[in-house]
Amino acid sequence: MSAITLIEAVNLALAHEMGQDPEVVVFGEDVGINGGVFRATDGLQKKYGKERVIDTPLAEAMIAGVAIGMAAQGMKPVAEIQFMGFIFPAADHIISHCARMRNRTRGRITLPMVIRAPYGGGIHAPENHSESTEAIFAHIPGIKVVIPSNPSRAYGLMLAAIRDPDPVIFLEPKRVYRIEKHEIEDNGEDYPIGMCFVDREGSDITLVSWGAMMHETRQAAEVLAKQGISAEVIDVATVSPLDIDTILESVEKTGRICIVQEAPKAGGLGSEIAAEVAEKQIFNLLAPIGRVAGYDAVIPYYRLEKQFMPKLEYIVDEAKRLMEFK
């Protein structure tokens, strides 16, 4: 057992499944010789060969199409889209074919495939490198969308994604790729897809987030605790299918909820969570539903990026506003 980062946990999970199952194949732009732009696939080609860790042209539509073909023939491809901002050329394949194949063939063909993509801002990348567009794919029936927030969950959820008989989009929040380390035993134990994690129990307010924003959300709970406010912290982890029951149970207990997302507020996953809470827990709410989100704008490059990202103090201030509501 060793302490590793989130990106190292992704690598460990990939290596584990490739060692266990010869049908697992990794491919994408620069994943082989270079080991990926963030080193998620570092060392895999040397260990498993060029036939199983494959460098591709800069062609996202081709990457998605090849993955679908491989999966339809019984392989388990793990395809990397180098940045989520580049996923849109592949969207036609993902939405029109990947998500629909089980239904189209009435269950005769399933697609056990994973599409990995680093996503989100916070590393001063240029335009098209920093989007948080998880809500687009969460809206599409037939695909699962998973977002780990720490190394342990990255390892367990990646194992589950590869083993899943249906397609999974696995979004890796690059801002927290190396922000913390967890001791992880490479024992092959996966985490369930489609389940929220309750990171911290509380009684006064529910804080809900996912991906990189879990870092600030956990910090906010610590700050609030010092001010006498007990916050329950929920990591959504799988944004589709959404485990709304865990969130509703928490809100029934606390009576207040603040939803934190990096993505722009309009049309985001936070809106869906807020709607579900309003529909099913309105009589238990002691305050309006709070949301902390990015601006409804293209994420700015470099100097202004820090101003775009939701901050710890925004979460704390919104939680305190909800606590003071009467």
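Which of the residues belonging to segment 172-207 are more than 26 Å from residue 82 (Cα to Cα) and under 14 Å from the mean Cα position of the chain (by Cα)?
Hits for segment 172-207 are 195, 196, 197.
Condition first: in contact (Cβ under 8 Å) with a residue 12 or more places away in the chain, part of a strand (DSSP E or B) and not assigned by TED's automatic domain parsing to the domain that holds residue 129. Can you find one or more residues in segment 268-290 that meet it?
yes
Go through segment 298-317 residue by residue and tally those that are in a helix (DSSP H, G or I) and touching a helix residue (DSSP H, G or I) at 6+ places or on another chain (Cβ under 9 Å).
5
Here are 109, 140: which of them is farther than 25 Å from residue 17 by Cα, of a type in the set (Val, Ile, Thr) and outside the structural domain of residue 237 (by TED's automatic domain parsing)?
Answer to the selection: 140.
Of everything in segment 208-236, what is surrounded by 20 or more Cβ atoms within 10 Å (Cβ to Cβ), over 16 Å from the mean Cα position of the chain (by Cα) and touching a residue at least 60 places away in the same chain (Cβ under 8 Å)? Give them in sequence order.
220, 224, 229, 231
Of all residues in segment 162-207, how many are in contact (Cβ under 8 Å) with a residue 60 or more places away in the chain and over 30 Å from residue 323 (Cβ atoms)?
17
Tally time: how many residues in segment 249-275 are surrounded by fewer than 23 Cβ atoms within 10 Å (Cβ to Cβ) and under 29 Å from residue 175 (Cα atoms)?
Total satisfying the criteria: 8.
Are there any strands (runs of 3 or more DSSP E) wholly within segment 91-194 with 3 or more residues that are buried (at least 21 other Cβ atoms within 10 Å of the Cβ), and if so which?
Strands (runs of 3 or more DSSP E) meeting the threshold: 114-119, 144-146, 168-173.
Tally time: how many residues in segment 291-316 are under 30 Å from residue 255 (Cα atoms), without any contact (Cβ under 8 Å) to a residue 24 or more places away in the chain and surrounded by 14 or more Cβ atoms within 10 Å (Cβ to Cβ)?
Qualifying residue count, segment 291-316: 1.
How many residues does segment 35-49 contain that are touching a residue at least 12 places away in the same chain (Cβ under 8 Å), surrounded by fewer than 18 Cβ atoms within 10 Å (Cβ to Cβ), assigned to a loop (DSSP other than H, G, I, E, B) and not hydrophobic (A, V, I, L, M, F, W, C)?
3
The values are calculated or read from the model by the stated rules, or taken from the named source; none is laboratory data. The shown structure was predicted, so the numbers you read here are calculated from the model rather than taken from an experiment. Cβ atoms come from the backbone with ideal geometry, glycine included; neighbour counts cover every protein chain shown.
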